[in-house]
Amino acid sequence: MSHHLLIPGMLVRHPQYPEWGIGQVQSCIGEMVTVSFVEMGKQVINGSKISLVIVHNDEA
């Protein structure tokens, strides 16, 4: 999924680190997406390299 579709407040998962749990998008600036994950805290992810997976309401 394109990082351009992410907006602050959306819930996401990191496809390579499911153990991080659900994260909430804090900001999207250029290619960089800041996400606060339940188990890993705040992480800055390069959205052009990692496609975060949107968590839908029924999955949260």
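Assorted remarks:
- Read-out P(r) over Cα pairs in 5 Å bins from 0, in percent, derived from the coordinates shown; its label in (1) 4, 15, 13, 22, 22, 15, 8, 2; (2) 3, 17, 24, 26, 17, 9, 2, 1, 1; (3) 4, 22, 36, 27, 10, 1: (3)
- Length gained on full extension, residue 39 to residue 16, computed as 0.36 nm times the residue gap minus the Cα-Cα distance: 6.9 nm.
- Around residue 50: net Lys/Arg minus Asp/Glu count, Cβ-Cβ under 13 Å: +1
Bear in mind these aren't lab numbers, they're just calculated from the coordinates by the rules spelled out. In this text the structure is predicted, and so the values were computed from the model without any measurement. Because the Cβ atoms are built from the backbone with ideal geometry, glycine has one as well, and the counts that use them run over all protein chains shown.
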